[in-house]
Each structure stands twice: as structure tokens, then as C-alpha cells.
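Novice: Below: one structure in C-alpha cells.
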């Protein structure tokens, strides 16, 4: 499995501007699956010794499960990988105070050729640019605090056609 940090400059700039806590931007690819990638955008506003452990466990579980899934569809493989990531970090998150979970903001993204699957946690946005119009595909009426037992709960899926972009 090959891990590439394609956004290292953006990550360094954001870290300088961020307050205490953790920020991680990663792209994970597998040479055996050239049309697939996992992107992780993680911000944990609280300074905590478990931050890196949480981020590392999520990335490892997502990449292991997504790229090696026996599932017939990429969406199901991503859903299964998110469920396994939930189990990996559950015990760490259950030990945290309830308000600590409101300081986690994550966008886990699976790219599969022209398909995109996004699972958001906390206050994150993904803007679709289509026909010179921009819309937030992750906009919801109410944002509740993540559940420590099942931190990844929703997936937004779609196809990106030529000329479309997700920002």
C-alpha cells in the first residue's frame, strides 16, 4: 500500500494558522487499485495526547478495509470500512468528555474512478461546482455532536462528470 501526502504545502500552511489541536490532510492510494483513493481531512480542535492515535487508527482501518474489501460495490466497501473505523476508535472516544466530540471535524472521502463518497463528521463542507454553480453537498439543517460509538454515520455519494469538481 502506498501512502502519498499530496497536500503537504496546504497542510503546513494550515498548521501555522491553526490553534492548538491536530490537523491532518492525507491521500492514500493502493498500487493494486489505481482508480481508487482515500482522502482524509481531519481537524481536532482540542489538544490531546490521543489525537494522533485516533487519526492514525482511522486512516489505517479505512485504507485496509476499503482497498481489501470483498464487497461488490465501492460504496459498500467504503461503508464497511467506515464501520470498522468506528470500532477502532470507539474505546478512545468513549473515554472523552461529551463536549470533546464537538471539536472533531472530519471529511473521509473515497474516490473510485468517477464516483465519490464522502462521510462528514462535525463542521465540514464539500462544495460541488457544476455548470458554474456552487452548492454545499454536505449542508444539513442541524449538526449534532458525533456519537462516540458510531462516529461515521452518513455517506453522501455521487458521480463526477467531466467539468464538475468537488472543493
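Please treat every number below as a calculation from the coordinates, not as lab data. None of these values were measured; they are calculated from a predicted model. Neighbour counts run over all protein chains shown; Cβ positions are idealised from the backbone, glycine included.
Novice: May I have the convex hull volume per residue, in Å³, for the Cα set of segment 46-137?
Specialist: 110 Å³
Novice: Percent of alpha carbon pairs in segment 38-85 separated by more than 16 Å?
Specialist: 42 percent
Novice: Okay, moving on. Ranking 98, 150 by Cβ neighbours within 10 Å, fewest first, what do you get?
Specialist: Exposure proxy ranking, most exposed first: 98, 150.
Novice: What FRET efficiency, computed as 1/(1 + (r/R0)^6) with R0 = 30 Å and r the Cβ-Cβ distance, is obtained for residue 91 and residue 159, rounded to the nearest 0.05?
Specialist: 0.25
Novice: Further, regarding this structure: Could you work out the pair-distance distribution P(r) of segment 2-166 from its alpha-carbon pairs, with 5 angstrom bin width and percents rounded to whole numbers?
Specialist: Distribution as computed: 1, 8, 17, 22, 21, 17, 9, 3, 1, 0 percent.
Novice: 222 nm [θ] for the chain, helices only, -39500 (n - 2.57) per DSSP H run of 4+, per residue, to 500?
Specialist: Theoretical 222 nm ellipticity from helices: -9500 deg cm²/dmol.
Novice: Same structure again: Hey, could you get me the Stokes-Einstein D for segment 71-112, Kirkwood radius over alpha-carbon pairs, 25 °C and 0.890 mPa s, rounded to whole µm² s⁻¹?
Specialist: It comes out at roughly 204 µm²/s.
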